[in-house]
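> Let me give you the structure first, and then I'll get to my questions.
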Amino acid sequence: SDTLADYCESRIAERGWGLWALELRGDGAFMGFVGLEVPNYELPFSPCTEIGWRLARPFWGSGYATEAAAAVLPVGFGELGLEEIVSFTALGNLRSRAVMERLGMRNTQRNFLHPALAEDSPLREHCLYVLSRERWEAGLETDV
């Protein structure tokens with residue numbers, strides 16, 4: 001956890017954007033993170049900018065990931081001028097896939113083996129979702 005936090009902090013210091021801590025409004029409880037990142041490993045669709053999130057289990061199922069990720073999209077398309085934002089997850093991660101779909105992302109049907117996971121990992125096969133600037137600007141970006 002400390003290594004990941006240090007990495008996130010250094011990327012934000014370097015670029016001004018990255019994966020930000022997510023806190024619960026009101027009491028400031030740490031919920032996880034959300035943000036944009038350029039993967040530091042080669043993927044079949046590199047180069048790319050990924051939108052990602054990871055929330056602690058007590059915060060699952062309440063819409064926090066969708067709300068936070070929707071707030072990140074204007075940074076990517078507006079401030080950074082990206083033409084496309086991707087997201088990917090293990091095939092069985094239906095909760096994250098549902099968030100991607102609520103954000104207006106579309107499944108490319110281009111599954112791939114994640115290079116950072118062991119060959120025998122049941123999580124290795126991933127699906128790729130994409131949201132284009134054009135779709136986002138057309139107002140189709142979210143169902144939130």
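> Work out from phi, with θ = phi - 60° and the Karplus expression 6.51 cos²θ - 1.76 cosθ + 1.60, the ³J(HN,Hα) of each residue of segment 57-67, listed in order in whole Hz, and give x for Gly and Pro.
Those phi angles translate into 3, x, 9, 6, x, 10, x, 5, 4, 5, 4 Hz.
> Name the trypsin sites (Lys or Arg not before Pro) in segment 5-89 that are in a loop by DSSP and that have at most 12 other C-beta atoms within 10 Å, would you?
On the way: sites: Arg11, Arg15, Arg25, Arg54; in loops: Arg25.
Of the trypsin sites (Lys or Arg not before Pro), the ones in loops of segment 5-89 whose Cβ has at most 12 other Cβ atoms within 10 Å are Arg25.
> Can you grab the distance from the C-alpha centre of segment 66-99 to the C-alpha centre of segment 30-65, Å, no decimals?
Distance between centres, Cα-based: 7 Å.
> Separate question: For the chain, report the accessible area per residue in Å² (1.4 Å probe, heavy atoms, rounded to an integer). Could you put the intermediate results ahead of the total?
Details: 8350 Å² over 144 residues.
Heavy-atom accessible area per residue stands at 58 Å².
> Okay, next question. Mean-square fluctuation check for the chain, GNM, Cα pairs under 10 Å: which of Glu23, Glu14, Glu125 is largest?
Of the options given, Glu14 has the highest mean-square fluctuation.
> Moving to a separate point now. Got a number for carbon plus sulfur as a percent of the chain's accessible area, 1.4 Å probe?
Working: 4220 of 8350 Å².
Using a 1.4 Å probe with all protein chains present, the chain comes out at 50 percent carbon and sulfur.
> Under the Karplus relation 6.51 cos²θ - 1.76 cosθ + 1.60, θ = phi - 60°, what is the ordered set of whole-Hz ³J(HN,Hα) values for segment 31-36, x standing for Gly and Pro?
Once θ is set to phi - 60°, the couplings for segment 31-36 become 9, x, 9, 8, x, 10 Hz.
> Under a 10 Å cutoff between Cα atoms, tell me which one of Leu117, Leu36, Leu22 has the largest fluctuation in the Gaussian network model of the chain.
Of the options given, Leu117 has the highest mean-square fluctuation.
> Within 10 Å, count the other beta carbons around each residue, average over each peptide in 96-109, 58-71, and list them highest first.
Details: 96-109: 18.2, 58-71: 16.6.
Listed from highest to lowest mean packing, they are 96-109, 58-71.
> Hey, another quick one. Using only alpha carbon positions, build the gyration tensor of segment 89-142, then give the equivalent ellipsoid semi-axes as the square roots of 5 times its eigenvalues, largest first, whole angstrom.
Numbers: eigenvalues 130, 24, 9 Å².
Value: 26, 11, 7 Å, ordered largest first.
> With the alpha-carbon atoms as the only input, what is the per residue convex hull volume for the chain in Å³? Before the final figure, lay out the partial values.
Values: hull volume 18.2 nm³, N = 144.
Normalising the Cα hull of the chain by residue number yields 126 Å³.
> What number comes out for the charge environment of Leu19, summing +1 per Lys or Arg and -1 per Asp or Glu over other residues with Cβ under 14 Å away? Before the final figure, lay out each step's value.
Values: positive: Arg11, Arg15, Arg54; negative: Asp6, Glu9, Glu14, Glu23, Glu37, Glu50.
That sum, taken over residues with Cβ under 14 Å, equals -3.
The values are calculated or read from the model by the stated rules, or taken from the named source; none is laboratory data. In this text the structure is predicted, and so the values were computed from the model without any measurement. Cβ sites come from the backbone with ideal geometry, for glycine too, and all protein chains shown count toward neighbours. Side chains are part of the model used for accessible areas, which takes the heavy atoms of the whole protein and leaves out ligands, DNA and RNA. Shrake-Rupley method; radii C 1.70, N 1.55, O 1.52, S 1.80 Å.
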